[in-house]
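Enquirer: Please see the structure below; I have some questions.
Laboratory data are not the source of any read-out in this text; all were calculated from the coordinates shown. Bear in mind the structure is a predicted one, so any value in this text is a computation, not a measurement. Virtual Cβ from ideal backbone geometry, glycine too; neighbours counted across all protein chains shown.
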Amino acid sequence: SAYVFTFGGGVRHEDPRSRDKTIVGGKGANLAEMAGIGLPVPPGFTITTEECIRYLAEGADFSDELRAGVKAALGHIEQAVGKSFGNPADPLLVSVRSGARVSMPGMMDTVLNLGLNDETVEGLAAISGDKRFAWDSYRRFIQMYSDVVLGVDHHLFEDALEIAKEDNGFYADVDMEAEHWQALVGEYKQIVARELDRPFPQDVNEQLWGAIAAVFDSWDSDRAKVYRRLNDISGDWGTAVNVQAMVFGNMGNTSATGVAFTRDPATGERAYYGEWLVNAQGEDVVAGIRTPQYLTKAARERAGAKPLSMEEAMPQAYGELADVFELLEKHYKDMQDIEFTVERSKLFMLQTRSGKRTAKAALRMAVEMVEEGLIDEATAVKRVDPMALDQLLHPTLDPKAPRDVLGKGLPASPGAASGAIVLDADTAERLAGRGEAVILVRVETSPEDIHGMHAAKGILTARGGMTSHAAVVARGMGRPCVSGASQLSIDMGARTLKIGGRSLKEGDVITLDGATGDIMAGLVPTIEPELVGDFGTLMLWADKHRRMKVRTNAETPADCRMARQFGAEGIGLCRTEHMFFDASRISAVRQMILAEDEAGRRAALAKLLPEQRADFKAIFEIMAGLPVTIRLLDPPLHEFLPHTEAEFAELSDAISIGVETLKRRADELHEFNPMLGHRGCRLGITFPEIYEMQARAIFEAACEVAAASGEAVVPEVMIPLVATRRELEILKALVDRTAQAVFAEQGRTLGYMVGTMIELPRAALMAGEIAEVGEFFSFGTNDLTQTTLGLSRDDSAKFLGAYVDQGIFQRDPFVSLDVDGVGQLVRLAAQRGRATREDIKLGICGEHGGDPASIAFCEKTGLDYVSASPFRVPIARLAAAQAAL
Ligand code: ADP
Ligand code: MG
Ligand code: MG
């Protein structure tokens, strides 16, 4: 039926919905796909995501159609494996697994071995000839089901197991024999009865529907919602439910379970990478209950580990697995993350998906797959998430810095991070909210920790391998992570920890190196990244496919230099006011502001001129040959004023004006609504000598640099906060006059442009007229967002969270452009501007210039360039290429 799609067991549906992630979820689609290409997938069925949405909308009720569909699909599994559900002689057992469109921590955990009860467990023991296996499966089932479906605290079961082992003098789970598991099952059932006041459900259909409901309900769980919000996943997608015949990795020493990647997800190296455990089931590998072993001989030898790799211990099953890796990579043309089980030497595939990877690995894989002929350059460019580059653009530990190494774990997610130790997710979130750098330290992480992991600079766990929850989530988030640091022990009561024989407490600073697994005491200095190797190659490909130019927002020589290294093709926004705050100049700036008349202002400006000229000279030299857009003074003047008594006194001495007079002038400058007050071009209109000084500094610097280097400098003088054509006309005339004067003095002329920011709704609407004067527009989308939404940039943080939570905004409109609203003004201004002046240059210089979604919008609107902060330049280059492809 359309509610349920079967897979495996020789069926292949014509209906493309049966392999569509949006309908059957990622896991279901890939299971169907793998079964379809002939891989050994245990048969099963998938309930669609649409049923989840319907179920939730209809108040947790199953439709008759769904009940009938599930019954028929169960029949399909029974037939395919020759067992029947609930049959005491030879029972079919199933797993119940959630699976949304994208893999999503926060969804319900998988329930394995469903279909076991007091009768079927005996049948399973008899038919398998393995009593221990049967009772081991039953105790696992009761624990999992009670935990994830019935909501019984799993610690109760874990404690009971610990006590059972202790009573029997056992050290590990593997020491437990059939009778011990059987006894434990008895205790488990008592725990459930005690906690819930009713017995553990024996009816297998009740078990099944209970699990299905729990998967559906988990879509609306708090942790799923948190994850969705952090990852821009819509609440309307719903999750599918996969019900699949069990295969058993816990049937003795010829059985096993594992997870693997077709390439190394941390480095991108073309080598199988994985972990496995003999005689184990499902989550044992990722849960960190036993330490998993290496998949390949090479990896085991490299780590100097003793327990045999799968390659050595089960060469035949391993050989089959390696064939599957090759086949899946060719089929999906991407690195795959695989879950498998070996039951009595026979290999089964339980999951495949495109694997999460570090940015470094993503680059290496993309480049190597092009070299291998698996994908083309455009696909490689599209495959790397621009935001993930962020990981590589940030500092790594200085290899020369001394390190006080406390211990070592697995290098689970690269990058370096320093911060104060915190031991739980809520504290991490709270302290990070106050701007503190924290490292989240846990025994192991679970989906409940997601918000804390997000808030932390780095993550350290005592348990869990490279595919543990902590490792996978940290890589996805780009947080450095060291996992499985076995020397680490945590005392939650005392909120202290021990590692490498040293004691630390919450709040102590440590440093993690996610690339080596080193855990260090204190703060270790870092060094700047370089864009070479695979990064350089991919950027080159991106540049080939890109139409828009990428500039940078920068004003200091250091930022300009870094941006050029990162590939900036000019400056889109040089904010001159930042240059005024410099300690050596602020008093001249204050003198200028507080002057009573033009003569006073001119005297102060004369002091600033050479300084400002030197600023521009440095920038023009670094940016030789590239366009540089300089915005004339923009902020309200009172931002520069002294605040403290001491500052007033100091200024009074410096410029010989009494403190009282200064204070009176400062009071006069006070504004109720400075963002809409005396700022932007309004300063130029009222105090033309300020803009005149700045224009003079620009042109004198440009002439000097052109004379010295011969390379053309192309100043683009930008007038901020223009609302009317007349404002721009007056100020352009001022700039032109100043340019002519300088050119006459210097005996040379230079090409330059005068344009404006479009950052007020009126300017966008009147763009046709304004373009008669302005030679370029730069969309100042920070202010344009603020003025269009009537939303203060500086005050909205307090309530924007609630707006995003309640779905009023999908994302913070100051981070990602409000394409529908503000975007409409941008589109309209671009059209009207072009209608007047065909070749008008159009760019964007708000924060949005570094946001991939906003960049895609700029491409669609046909802007000529985006401008982003230096660290975002490579991100913008890649995003611009993706937008053009
Ligand atoms: P997750 O989405 O958290 O990876 P899965 O649904 O993939 O959860 O299940 C986790 C693990 O449970 C799998 O990796 C696999 O080892 C085990 N598992 C799931 N279904 C089966 C099955 N039908 N037979 C055996 N093991 C299974
Ligand atoms: Mg899970
Ligand atoms: Mg899985």
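Enquirer: On a 0 to 90° scale, report how tilted helix 598-622 is relative to the longest principal axis of the chain, with both axes built from alpha carbons and the result rounded to the nearest 10.
Expert: Roughly 50 degrees between the two axes.
Enquirer: Right, here's the next one. In degrees between 0 and 90, to the nearest 10, how far off the longest principal axis of the chain does helix 64-81 point, with axes built from Cα atoms?
Expert: Roughly 60 degrees between the two axes.
Enquirer: Can you report the principal axis dimensions of region 519-559 using only the alpha carbons, biggest first, rounded to whole angstrom?
Expert: 47, 29, 12
Enquirer: Label point 7 Å out from residue 303 along Cα-to-Cβ: which residues of region 330-358 have amide N under 20 Å?
Expert: What the label zone holds, given the 20 Å backbone N cut-off, is 336-342, 355-358.
Enquirer: Need the C-alpha centroid separation for region 509-542 versus region 773-823, integer Å.
Expert: Using only Cα atoms, the two centres lie 33 Å from each other.
Enquirer: Can you list the lysines whose alpha carbon sits under 19 Å from that of residue 505, skipping same-chain ones fewer than 8 residues off?
Expert: Answer for residue 505, where 19 Å is the Cα cut-off: 408, 457, listed by chain and number.
Enquirer: Quick query: amide H of residue 571 versus all other amide H atoms, modeled in the peptide plane; which residues come in under 5 Å with a sequence gap of 5 or more or a different chain?
Expert: 552, 628, 629
Enquirer: Distance check, please: which entries in 732/841; 360/382; 21/360; 21/83; 360/860 exceed 18 angstrom between their Cα atoms? Mind dumping the intermediate values first?
Expert: Numbers: 732/841 16 Å; 360/382 15 Å; 21/360 27 Å; 21/83 29 Å; 360/860 29 Å.
Distance filter (> 18 Å) returns 21/360; 21/83; 360/860.
Enquirer: Which angle from 0 to 90°, rounded to the nearest 10, does the C-alpha axis of helix 204-218 make with the longest principal axis of the chain?
Expert: It works out to around 10 degrees.
Enquirer: Now for a separate question. What's the ranking of 567-579, 817-829 by average number of surrounding C-beta atoms within 10 Å, highest first?
Expert: Numbers: 567-579: 22.4, 817-829: 19.9.
So the order, starting with the most tightly packed, is 567-579, 817-829.
Enquirer: Whole Å is fine, so just give me how far the alpha carbon centre of region 395-435 lies from that of region 657-677.
Expert: Value for the Cα centre distance between the two parts: 45 Å.
Enquirer: Now, a different point. Give the lysines whose C-alpha is closer than 21 Å to that of residue 798, dropping any in the same chain fewer than 8 places away, or say none.
Expert: Here the lysines satisfying the reach criterion relative to residue 798 are 225.
Enquirer: While we're on this one: For region 197-226 and region 558-583, what is the separation of their Cα centres, given in Å?
Expert: One Cα centre to the other: 56 Å.
Enquirer: Quick check on packing: order 131-137, 465-471 by the mean number of other C-beta atoms within 10 Å, highest mean leading.
Expert: Values: 131-137: 23.4, 465-471: 25.3.
So the order, starting with the most tightly packed, is 465-471, 131-137.
Enquirer: Which of the lysines could a cross-linker bridge to residue 297, judged by Cα under 17 Å and excluding same-chain residues fewer than eight apart?
Expert: Hits, sequence-local ones excluded: 306.
Enquirer: What percent do you get for the relative contact order of region 68-185 when only Cα pairs under 8 Å and 6+ apart count?
Expert: Details: 132 pairs, mean separation 23.1, N = 118.
Relative contact order of region 68-185: 20 percent.
Enquirer: Per residue and in cubic angstrom, what volume does the convex hull of the Cα atoms of region 639-728 have?
Expert: Values: hull volume 13.5 nm³, N = 90.
That works out to 151 Å³ per residue.
Enquirer: Let me ask something else. Please report, in cubic angstrom per residue, the volume enclosed by the convex hull of the alpha-carbon atoms of region 256-357. Before the final figure, lay out each step's value.
Expert: Values: hull volume 9.6 nm³, N = 102.
That works out to 94 Å³ per residue.
Enquirer: Checking a compactness column here: for region 490-548, what do you get for Rg(Cα) / (2.2 N^0.38 Å), N being the number of residues? Show your work: numbers first, answer last.
Expert: Numbers: Rg = 20.1 Å, N = 59, 2.2 N^0.38 = 10.4 Å.
Relative to the 2.2 N^0.38 Å estimate, region 490-548 comes out at 1.94.
Enquirer: Using the 10 angstrom Cβ neighbour count as an exposure proxy, how do 655, 77 rank, fewest first? Could you put the intermediate results ahead of the total?
Expert: Details: 655 18, 77 24.
In order of increasing Cβ crowding within 10 Å: 655, 77.
Enquirer: Sort 369-380, 546-557, 331-342 for me by packing, meaning the mean count of neighbouring Cβ atoms within 10 Å per residue, highest on top.
Expert: Details: 369-380: 16.0, 546-557: 23.3, 331-342: 21.4.
Ranking, from highest mean packing down: 546-557, 331-342, 369-380.
Enquirer: Taking Rh as the Kirkwood radius, which is the inverse of the mean 1/r over Cα pairs, what is the Rg/Rh value for region 4-245?
Expert: Numbers: Rg = 18.5 Å, Rh = 18.7 Å.
With Rg and the Kirkwood Rh in hand, the quotient comes to 0.99.
Enquirer: Quick one: work out the % antiparallel among DSSP beta bridges in the chain, nearest 5. Can you show the working numbers first?
Expert: Numbers: 63 of 102 bridges.
Looking only at bridges with both residues in the chain, the antiparallel portion is about 60 percent.
Enquirer: Looking at the P(r) of the chain, how many percent of alpha-carbon pairs lie beyond 46 Å? Mind showing how you got there, number by number?
Expert: Working: 146161 of 391170 pairs.
Across the chain, Cα pairs with separations above 46 Å total 37 percent.
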